[in-house]
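So the structure is just underneath, and the comments pick up after that.
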Ligand code: DSN
């Protein structure tokens, strides 16, 4: 097939970069290799395939396009309009939504945008506390959401499960205008219908931030909040394997009249995204969101989502079998949260594991006496290892390697650690072996980059 204009231009771009700016080229090449050779168990990592990256890097980025399809403030938006409408239509199909806005630059902005469409400074919001698994933008004191609004927090019960009773009590006591749900480290199913019931009783709106579990929701593996919540937000780069950016979605409440008594809630979001919060949208990201949504509609994505969940369960089971304190006793999604052994903090454990090529992140656990920069826990996630086609045996091996490092690493104070060279050498070699055997899909070469449709490989990985 003859190369098209855009194919020539994009491949010329990478060649020019290598030739004219070797300093930057080497940084980018080094990062690509680092990702290939690392065992990423970062819960917020995904993996964008080369077709998503090509859309992100295409010349559509040159278009300034304030406004929405068919209603722009600049000329030259014919193709941008089509790309944005395609992203909207596909996202609606993926999530069963009635309204989608694909312009938010990131999920944090998306959350602020929803708040701006509903609230005035001083209003009360109820969100999960940061140290219980919430997100900064759900009302943390350090974030604008905790400064503009009176933020009240709910959390987990003594079993590490979301405390709906506490949520209800807080809602009835403080009468928030908005209840924010969705978490960054909660490993169990979230009952969005129950949260809506609490909100109805308290006279509040519901915002579900499904940034972490959006892929499981899209695949029908986790209950969807689209109709239960008034507003659903998600980033597009974690479990949706798309570009940096976010979506705001609505289901049955899209046409409900908003707080001003005149406009619908979705109309409120439309004008809150632009012009209230953002100017010209990132049209290249919108094009890449369209591509990512297209990949989610492929039948193989459900297999990948099942693998993500199965792999996380296996990680939790293997940790429990080795005596680790797994918060909530297991997982229903892609995340696992556990306590590090005595003598180590989450910070030293993270550094020691990274030294051996295993990437995780330190995370506070319920009742943690350590701060967020140190922590007593680690959070694991299975999005990227599942994309690589790893399965049950590889999760067991990953936990064996984690256990080896955590039991041999010695804290030297602050965030320092010591690890015997022989342990470092053995673990690093086995990590490299795993990564070589299960390369990231983009190492296969462009022609074969269709991992989410590769049900055969995924089914093979699911087989013990
Ligand atoms: N919210 C952070 C996380 O969960 O890792 C970044 O996306």
Please work out which residue is farthest from the chain's Cα centre (by Cα), limiting yourself to the stretch 367-391 and to residues that are more than 15 Å from the ligand (Cβ to nearest atom) and crowded, with 19+ Cβ neighbours inside 10 Å.
-> 376
Checking residue 196 against (1) in contact with a strand residue (DSSP E or B) (Cβ under 6 Å, 6 or more places away or on another chain); (2) on the phi > 0 side of the Ramachandran plot, which test does it fail?
-> (2)
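Being at pLDDT 95 or above and either assigned to a helix (DSSP H, G or I) or in contact with a strand residue (DSSP E or B) (Cβ under 8 Å, 6 or more places away or on another chain) (or both) narrows it down to one residue among 55, 75; which is it? Before you say what the answer is, go through the steps one by one.
On the way: 75 fails: either assigned to a helix (DSSP H, G or I) or in contact with a strand residue (DSSP E or B) (Cβ under 8 Å, 6 or more places away or on another chain) (or both).
From the options 55, 75, the qualifying one is 55.
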Condition set touching a residue at least 60 places away in the same chain (Cβ under 8 Å) and away from the ligand (no atom under 16 Å from the Cβ), scope the stretch 231-254, selection surrounded by the fewest Cβ atoms within 10 Å (Cβ to Cβ): answer is 252
Does the stretch 51-58 include one or more residues that are more than 30 Å from residue 359 (Cβ to Cβ), touching a residue at least 60 places away in the same chain (Cβ under 8 Å) and surrounded by 13 or more Cβ atoms within 10 Å (Cβ to Cβ)?
-> no
Only one of (1) farther than 15 Å from residue 38 by Cα; (2) free of Cβ contacts under 8 Å to residues at least 12 places away in the same chain is not met by residue 417, so which one is it?
-> (2)
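For the stretch 288-337, give me each residue that is in contact with a strand residue (DSSP E or B) (Cβ under 7 Å, 6 or more places away or on another chain), assigned to a helix (DSSP H, G or I) and surrounded by 21 or more Cβ atoms within 10 Å (Cβ to Cβ). Steps first, please.
The initial filter retains those residues of the stretch 288-337 that are in contact with a strand residue (DSSP E or B) (Cβ under 7 Å, 6 or more places away or on another chain), namely 312, 315-316, 319-320, 324-327, 334-337.
From what's left, assigned to a helix (DSSP H, G or I): 312, 315-316, 319-320, 327.
Result: 312, 315, 316, 319, 327.
Yes/no matrix, rows are residues, columns are (1) farther than 23 Å from residue 431 by Cα; (2) away from the ligand (no atom under 16 Å from the Cβ); (3) surrounded by fewer than 18 Cβ atoms within 10 Å (Cβ to Cβ):
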| position | (1), (2), (3) |
| --- | --- |
| 16 | yes, yes, yes |
| 20 | yes, yes, yes |
| 24 | yes, yes, yes |
| 39 | no, yes, no |
| 43 | no, no, no |
| 47 | no, no, no |
| 60 | yes, yes, no |
| 64 | yes, yes, yes |
| 76 | yes, yes, yes |
Kindly provide the set of residues from the stretch 133-150 that are touching a strand residue (DSSP E or B) at 6+ places or on another chain (Cβ under 8 Å) and surrounded by fewer than 23 Cβ atoms within 10 Å (Cβ to Cβ), ordered by number.
-> 140, 141, 149, 150
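Which of the residues belonging to the stretch 1-46 are assigned to a loop (DSSP other than H, G, I, E, B) and at pLDDT 95 or above?
Residues of the stretch 1-46 that are assigned to a loop (DSSP other than H, G, I, E, B), as a first pass: 1-4, 21, 38, 41-46.
Once the filter is applied, which keeps residues that are assigned to a loop (DSSP other than H, G, I, E, B) and at pLDDT 95 or above, the stretch 1-46 yields 4, 21, 38, 41, 42, 43, 44, 45, 46.
Of all residues in the stretch 103-122 being farther than 14 Å from residue 205 by Cβ and assigned to a loop (DSSP other than H, G, I, E, B), which is nearest to the ligand (Cβ to nearest atom)? Don't jump to the end; show me each part of the working.
Within the stretch 103-122, the subset farther than 14 Å from residue 205 by Cβ is 103-110, 112, 121-122.
Right, trim to assigned to a loop (DSSP other than H, G, I, E, B) and you get 103-106, 121-122.
On the way: 103: 19, 104: 14, 105: 14, 106: 9, 121: 24, 122: 26 Å.
Among residues in the stretch 103-122 that are farther than 14 Å from residue 205 by Cβ and assigned to a loop (DSSP other than H, G, I, E, B), the one nearest to the ligand (Cβ to nearest atom) is 106.
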Tell me, yes or no, whether the stretch 205-212 has at least one residue that is more than 22 Å from the chain's Cα centre (by Cα), touching a residue at least 24 places away in the same chain (Cβ under 8 Å) and either farther than 30 Å from residue 50 by Cβ or not in a loop (DSSP other than H, G, I, E, B) (or both).
-> yes
Write out, first by first residue and then by second, each pair whose Cβ atoms fall under 7 Å of each other, whose residues are 6+ apart or on separate chains, and whose first residue, in the stretch 180-199, is within 16 Å of residue 232 (Cβ to Cβ) while the second is within 13 Å of the ligand (Cβ to nearest atom) and part of a helix (DSSP H, G or I).
-> 180/138
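Of all residues in the stretch 179-204, count the ones that are more than 26 Å from residue 332 (Cα to Cα) and either within 16 Å of the ligand (Cβ to nearest atom) or not in a helix (DSSP H, G or I) (or both).
Here is the first cut: in the stretch 179-204, the residues more than 26 Å from residue 332 (Cα to Cα) are 200-204.
Then keep just the ones that are either within 16 Å of the ligand (Cβ to nearest atom) or not in a helix (DSSP H, G or I) (or both); that gives 203-204.
Number satisfying all stated conditions: 2.
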Which pairs do you get when a residue that is more than 24 Å from residue 431 (Cα to Cα) and without any contact (Cβ under 8 Å) to a residue 24 or more places away in the chain, found in the stretch 352-376, comes within reach of a residue that is assigned to a strand (DSSP E or B) and more than 15 Å from the ligand (Cβ to nearest atom), reach meaning Cβ atoms under 6 angstrom, with the pair 6+ apart or on two chains?
-> none
Selection count where residues are in contact with a strand residue (DSSP E or B) (Cβ under 9 Å, 6 or more places away or on another chain), farther than 20 Å from residue 84 by Cα and either modelled with pLDDT under 95 or assigned to a helix (DSSP H, G or I) (or both), scope the stretch 259-287 = 2
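Please indicate, with yes or no, whether at least one residue in the stretch 392-407 is in contact (Cβ under 8 Å) with a residue 24 or more places away in the chain and assigned to a loop (DSSP other than H, G, I, E, B). Walk me through it before giving the result.
Filtering the stretch 392-407 for residues in contact (Cβ under 8 Å) with a residue 24 or more places away in the chain gives 392-403, 405-407.
Cutting the leftovers down to assigned to a loop (DSSP other than H, G, I, E, B) gives us none.
No, because not a single residue in the stretch 392-407 is in contact (Cβ under 8 Å) with a residue 24 or more places away in the chain and assigned to a loop (DSSP other than H, G, I, E, B).
The values are calculated or read from the model by the stated rules, or taken from the named source; none is laboratory data. Keep in mind the model is a prediction, meaning the values are calculated, not measured. Glycine also receives a Cβ, built like all others from the backbone with ideal geometry; neighbour counts cover every protein chain displayed.
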